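Worksheet: one structure, shown below.
The values are calculated or read from the model by the stated rules, or taken from the named source; none is laboratory data. Remember, it's a predicted structure, so these values are computed and weren't measured experimentally. Quick reminder, even Gly has a Cβ in these numbers, built from the backbone with ideal geometry, and neighbours come from all protein chains shown.
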Amino acid sequence: MPEYTTHTYDVLVIGAGGAGLRAAIEASAAGVSIGVICKSLLGKAHTVMAEGGIAAAMGNVDERDNWQVHFADTMRGGQYLNNWRMAELHARESPDCVRELEAWGALFDRTKDGRILQRNFGGHKYPRLAHVGDRTGLEMIRTLQDHGIHQGIEVHMECTVLKLLMDDGRVVGAFGYDRERGRFLLFKAKAVVVATGGIGRAYKITSNSWEYTGDGLALAYDAGADLIDMEFLQFHPTGMVWPPSVCGILVTEGVRGEGGVLRNKEHRRFMFDDIPEPYRTQTADNEEEGWRYTQGDRNARRPPELLTRDHIARCIVREIKEGRGSPHGGVLLDISWIKERIPNAEEHIKKKLPSMYHQFKQLADIDITKEPMEVGPTTHYMMGGIKVDGDTQMSTVPGLFAAGECAAGLHGANRLGGNSLSDLLVFGKRAGYYAACFAKKSGLGPVADAQINLAASNALAPFERTNSAEGPYQVQQDLQEMMQNLVGIVRTGGELEQALPELERLGERSKHLAVSGNREYNNGWHTALDLPNLLTVSEAVTRAAIERQESRGAHFREDRPNKDPEFGKVNIIIRKGPAGEMQVIRQPVPAMPQELKQIIEEMK
Amino acid sequence: MATATFRVWRGDREGGRFQDYSTVVSEGMVVLDAMHRVQAEQAHDLALRWNCKAGKCGSCSAEINGMPRLMCMTRLNQLPLDKPVTVEPLRAFPPVRDLVTDVSWNFEVKKSIKPFKSRVPDAPDGTWRMAQKDVDRVQEFRKCIECFLCQDVCHVLREHRKFAEFAGPRYFVHMAALEMHPLDVEDRTAELKGTHSIGYCNITTCCRKVCPENITITENAIIPLKERVADRFYDPLTKLFRILRGGDSRRSTGPPR
């Protein structure tokens with residue numbers, strides 16, 4: 001019997017980024033007891049990295065904006081594979097969620113008449129993103145954190161969950177460990193909200209930190225929950241490419257929103273060369289009009305640099321592949337050129353994009369007010385994840401809820417920039433509320449010793465294998481390399497098929513690796529414990545990508561470069577089979593009510 | 001390729017020692033990259049904190065060649081590599097393991113500060129109106145990434161160990177952000193003087209010098225707060241007025257307490 005400490009809550013929230021904190025605050029307001037598990041220190045989750053803003057159709061800058069337009073933009077961006085109900089709720093509720101943050105102390109940039117300022121972003125028809133310079137995520141997580149610590153929420157910092165505990169098909173708690181001492185923890189709970197974010201660490205080039213190993217997705221999958229849309233992984237078009245040590249770090253879309261342009265080495269604005277059909281009428285066909293749009297001209301159409309992320313990322317890959325890339329294998333993103341258009345451009349850039357200025361100056365010796373940046377695609381965001389009910393955010397497992405990046409449905413085949421922060425707020429709130437409701441009508445379930453014993457012995461196994469030569473870092477790196485090469489931004493059926501046996505081999509290696517040292521704050525051990533999760537989500541991405549034999553949104557298959565209307569009617573579900581095998585199931589996209597269909601038609 | 005030597009503190013609560021690791025360095029590398037390389041190749045169990053790797057989360061604070069800095073924002077080409085680069089944990093806080101320290105005290109301090117409390121909304125739709133220039137003033141403080149480098153370098157904490165009585169620069173910045181927030185109506189002046197002992201700060205500006213976000217901690221946050229305390233408690237005219245009036249002279253600008 002392993003030693004462990006027990007904590008009991010009505011609602012357990014796993015993850016303390018925007019969605020987890022918002023869920024905890026809402027559950028607390030509903031009057032239940034809450035524990036929050038935080039993989040790092042409080043306030044360090046990836047939400048802090050979000051730069052651009054929170055999408056909410058408040059209409060402060062352009063009064064033509066409303067929830068219907070936001071809904072249609074989100075569905076178009078997601079290529080209509082979105083969960084329509086989530087897209088509807090998100091568009092309706094995000095303005096109130098932003099105002100709620102302001103009531104808790106968030107300080108957004110202002111319009112001239114003192115309201116919340118909104119900026120342009122890719123795929124959004126009107127200026128819609130509430131923002132704070134280019135550090136909106138910090139403002140959001142700090143507001144939630146500072147509000148949350150006074151709501152009677154118990155936070156367990158630097159703890160990680162290893163397993164969800166089940167009883168009779170329902171979730172009854174979680175088993176994990178604390179980083180500092182390596183001691184086991186048992187959390188009994190009536191309902192569990194998973195809000196663990198993404199899977200970026202499955203790839204070599206990523207904007208994600210070490211935490212994003214798909215924990216929540218793998219935990220839910222193992223507990224029997226369906227995953228959906230796993231083939232749709234967003235590669236953000238603009239990550240840093242040079243120097244090598246910073247490769248993958250995000251360059252906000254806000255640079256393009258403020259007038260930044262993409263050029264190849266021939267100095268050509270290549271984004272004008274390929275504007276996809278659904279966006280043609282909304283996109284500027286000349287540089288002059290594009291510039292006017294970024295400066296708030298309401299009659300101008302947006303420049304092609306503000307098309308959706310999937311499309312821009314592919315255009316960049318094409319430029320690089322065809323030999324028109326920048327010196328270090330990217331393309332050029334230039335904001336300094338606006339000095340030709342406005343006075344005090346240098347000050348303007350520093351004011352609007354302070355952290356970008358800082359980041360390039362300090363990490364790459366580049367002054368973005370004077371010279372272009374080199375950028376290329378970086379693994380950024382998982383559209384897919386735990387399948388949830390649109391209203392309640394409950395997964396297919398009773399008592400198990402999910403919100404934020406680890407949940408799926410809102411974004412369909414591709415997420416619009418700015419729709420993530422609003423997703424965290426809207427669905428974090430809903431998950432917290434409905435988890436509290438579930439907890440109120442359910443008792444605590446029994447926790448089986450066998451489940452705890454198994455989780456504990458699996459976790460300690462890497463210490464026992466003293467004869468193994470291999471450590472966890474090499475296996476992780478090889479997995480990242482393999483996923484980058486075979487299941488990356490441009491895919492082919494053949495390469496995807498190759499990835500499966502590779503995954504099997506990596507899985508074998510992960511079962512034999514060893515770690516040194518003891519259980520206290522042992523980064524090597526933690527890396528070993530994260531590996532099975534990374535392997536599960538990598539396999540899910542690969543299998544879903546094999547199944548979707550077409551190109552749509554973020555999923556691009558070179559061997560099937562076009563959309564196939566048949567695949568436009570299905571979502572792909574990943575489910576754990578009775579023998580532990582990974583099943584791939586095509587499920588029809590739920591039918592949309594007539595009034596929503598009409599909104600989409602009208603906005604075309 | 002060039003190599004460099006890193007003299008890394010390895011140890012735990014009981015104590016420890018510096019250990020040298022030589023590793024290959026390449027263009028653009030930061031200290032955090034070097035630590036990761038050491039971790040992957042030589043010392044798998046090397047304990048360190050990091051997250052964003054872009055100076056935005058404030059996790060990877062350490063003392064590099066004796067200076068409190070973020071490992072992810074310290075370029076190797078800014079350091080002399082002809083001698084070992086020392087990397088050690090924040091010395092003001094109790095060691096946990098290697099480069100990781102117990103910073104939980106900071107989170108407790110924050111809980112002891114009166115939270116944001118807004119005035120009633122300005123508009124019938126429940127929203128507020130604020131001018132950008134009023135927001136700008138506070139946004140400087142809200143840039144703080146809670147790396148705790150200012151806490152680490154503050155001699156009131158580091159040398160004099162006044163953890164029980166003194167909030168430290170991070171939380172004066174936090175209180176300045178609240179006190180100067182255009183919507184906030186809470187009054188924290190008594191606590192600034194009392195439980196948070198702002199008077200211990202003798203404005204040596206060490207905190208401001210190490211802030212990776214370049215927040216002008218001393219001049220823009222601490223001094224204005226000290227002035228509020230001085231106005232309230234030490235200004236003879238205010239004091240006389242208070243005695244004559246038999247109450248708090250500031251009542252008109254704050255909510256009833």
- Task: Would you check if A:Lys112 is within 14 Å of chain B (Cβ to nearest Cβ), buried (at least 24 other Cβ atoms within 10 Å of the Cβ) and among the charged types (D, E, K, R)?
- Result: no
- Message: Just to verify a result, which residue in region A:215-259, among those that are over 30 Å from A:Thr294 (Cα atoms), small (Gly, Ala, Ser) and touching a strand residue (DSSP E or B) at 6+ places or on another chain (Cβ under 8 Å), is farthest from the other protein chains (Cβ to nearest Cβ)?
- Response: A:Gly224
- Restricting attention to region A:586-601, the residues that are outside any loop (DSSP other than H, G, I, E, B) and either basic (Lys, Arg) or free of Cβ contacts under 8 Å to residues at least 40 places away in the same chain (or both) number exactly 7
- Query: Within region B:206-246, which residues are surrounded by fewer than 18 Cβ atoms within 10 Å (Cβ to Cβ), of a type in the set (Ser, Thr, Tyr) and closer than 30 Å to B:Cys57 by Cβ?
  - Reply: B:Thr216
- Task: Please work out if A:Leu353 is modelled with pLDDT under 95 and either more than 20 Å from B:Val30 (Cα to Cα) or not assigned by TED's automatic domain parsing to the domain that holds A:Asp310 (or both).
- Result: yes
- Item | A:Leu410, sole failed condition from (1) outside the structural domain of A:Leu227 (by TED's automatic domain parsing); (2) buried (at least 24 other Cβ atoms within 10 Å of the Cβ) | (1)
- Item | Criterion: surrounded by 15 or more Cβ atoms within 10 Å (Cβ to Cβ) and within 14 Å of chain B (Cβ to nearest Cβ) - qualifying residue of A:Leu529, A:Leu506 | A:Leu529
- Scan region A:482-497 and report the pairs whose first residue is of a type in the set (S, T, N, Q) and whose second residue is in a helix (DSSP H, G or I) and surrounded by fewer than 16 Cβ atoms within 10 Å (Cβ to Cβ), with Cβ atoms within less than 6 Å and a gap of 6+ or a chain change. none
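A quick yes/no check of all residues on (1) part of a loop (DSSP other than H, G, I, E, B); (2) farther than 19 Å from A:Leu227 by Cα; (3) of a type in the set (D, E, K, R):
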{"residue": "A:Thr392", "(1), (2), (3)": "yes, no, no"}
{"residue": "A:Asn414", "(1), (2), (3)": "yes, no, no"}
{"residue": "A:Gly417", "(1), (2), (3)": "yes, yes, no"}
{"residue": "A:Gly428", "(1), (2), (3)": "no, no, no"}
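Of A:Ala30, A:Ala106, A:Ala50, A:Ala56, which residue is over 30 Å from A:Thr283 (Cα atoms) and within 14 Å of chain B (Cβ to nearest Cβ)?
Numbers: A:Ala30 fails: within 14 Å of chain B (Cβ to nearest Cβ); A:Ala50 fails: over 30 Å from A:Thr283 (Cα atoms); A:Ala56 fails: over 30 Å from A:Thr283 (Cα atoms).
Unique residue meeting the criteria: A:Ala106.
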- Task: Please give the number of the condition A:Gly471 fails out of (1) within 30 Å of A:Ser516 (Cβ to Cβ); (2) touching a residue at least 60 places away in the same chain (Cβ under 8 Å); (3) crowded, with 19+ Cβ neighbours inside 10 Å.
- Result: (2)
- Task: With respect to B:Leu81, determine if the residue is over 19 Å from A:Leu41 (Cα atoms) and either modelled with pLDDT of 95 or more or of a type outside the set (S, T, N, Q) (or both).
- Result: yes
- Taking A:Pro244 as the residue in question, decide whether it is free of Cβ contacts under 8 Å to residues at least 40 places away in the same chain and assigned by TED's automatic domain parsing to the domain that holds A:Glu347. yes
- Query: Taking region A:125-178, which residues are of a type in the set (A, V, I, L, M) and within 14 Å of another protein chain (Cβ to nearest Cβ)?
  - Reply: A:Ala130, A:Val132, A:Leu138, A:Met140, A:Ile141, A:Leu144, A:Ile149, A:Ile153, A:Val155, A:Met157
- Task: Those residues that are over 23 Å from A:Tyr212 (Cα atoms) and either part of a loop (DSSP other than H, G, I, E, B) or facing another protein chain (nearest Cβ under 8 Å) (or both), I need them from region B:15-72; list them, please.
- Result: B:Val25, B:Ser26, B:Glu27, B:Gly28, B:Gln42, B:Asn65, B:Gly66
- Task: Please find, among B:Ala164, B:Ala190, B:Ala177, the residue that is small (Gly, Ala, Ser), surrounded by fewer than 19 Cβ atoms within 10 Å (Cβ to Cβ), assigned to a helix (DSSP H, G or I) and at pLDDT 95 or above.
- Result: B:Ala190
- Query: Quick one: would you say A:Gln118 is over 19 Å from the mean Cα position of the chain (by Cα) and either under 19 Å from A:Gln594 (Cβ atoms) or within 13 Å of chain B (Cβ to nearest Cβ) (or both)?
  - Reply: no
- Spot the failing condition for A:Asn208; the list is (1) at pLDDT 95 or above; (2) of a type outside the set (D, E, K, R); (3) touching a helix residue (DSSP H, G or I) at 6+ places or on another chain (Cβ under 6 Å); (4) assigned to a loop (DSSP other than H, G, I, E, B), and only one is missed. (1)
- Of the residues A:Leu262, A:Leu227, which single one is assigned by TED's automatic domain parsing to the domain that holds A:Leu416 and at pLDDT 95 or above? A:Leu227
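Would you be able to say whether some residue in region B:2-9 is buried (at least 22 other Cβ atoms within 10 Å of the Cβ), at pLDDT 95 or above and away from chain A (no Cβ under 11 Å)?
Yes, region B:2-9 contains at least one residue that is buried (at least 22 other Cβ atoms within 10 Å of the Cβ), at pLDDT 95 or above and away from chain A (no Cβ under 11 Å).
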- Query: Take the residues of region B:94-141 that are assigned to a helix (DSSP H, G or I) and in contact with a Ser or Thr (Cβ under 9 Å, 6 or more places away or on another chain): which is nearest to the other protein chains (Cβ to nearest Cβ)?
  - Reply: B:Gln132
- Looking at A:Leu424, A:Leu479, which is the one that is in contact with a Gly (Cβ under 6 Å, 6 or more places away or on another chain), within 30 Å of A:Pro237 (Cβ to Cβ) and surrounded by 23 or more Cβ atoms within 10 Å (Cβ to Cβ)? A:Leu424
- From the residues in region A:558-585 that are among the charged types (D, E, K, R) and touching a helix residue (DSSP H, G or I) at 6+ places or on another chain (Cβ under 7 Å), which one is surrounded by the fewest Cβ atoms within 10 Å (Cβ to Cβ)? A:Asp559
- Message: Looking at A:Glu470, A:Glu520, can you tell me which residue is among the acidic types (Asp, Glu), touching a His at 6+ places or on another chain (Cβ under 9 Å) and within 12 Å of chain B (Cβ to nearest Cβ)?
- Response: A:Glu470
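Conditions (1) surrounded by fewer than 20 Cβ atoms within 10 Å (Cβ to Cβ); (2) closer than 24 Å to A:Asn419 by Cα, marked per residue:
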position	(1), (2)
A:Gly325	no, no
A:Trp337	yes, no
A:Glu346	yes, no
A:Leu363	no, no
A:Thr369	yes, no
A:Pro377	no, yes
- Could you list, in sequence order, all residues of region A:571-588 that are closer than 17 Å to A:His555 by Cα and within 22 Å of the chain's Cα centre (by Cα)? A:Asn571, A:Ile572, A:Ile573, A:Ile574
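Based on this model, can you work out whether B:Thr127 counts as in the same structural domain as B:Asp45 (by TED's automatic domain parsing) and either of a type in the set (Ser, Thr, Tyr) or touching a helix residue (DSSP H, G or I) at 6+ places or on another chain (Cβ under 8 Å) (or both)? Break it down stepwise before answering.
Numbers: in the same structural domain as B:Asp45 (by TED's automatic domain parsing): no; either of a type in the set (Ser, Thr, Tyr) or touching a helix residue (DSSP H, G or I) at 6+ places or on another chain (Cβ under 8 Å) (or both): yes.
The answer is no for B:Thr127.
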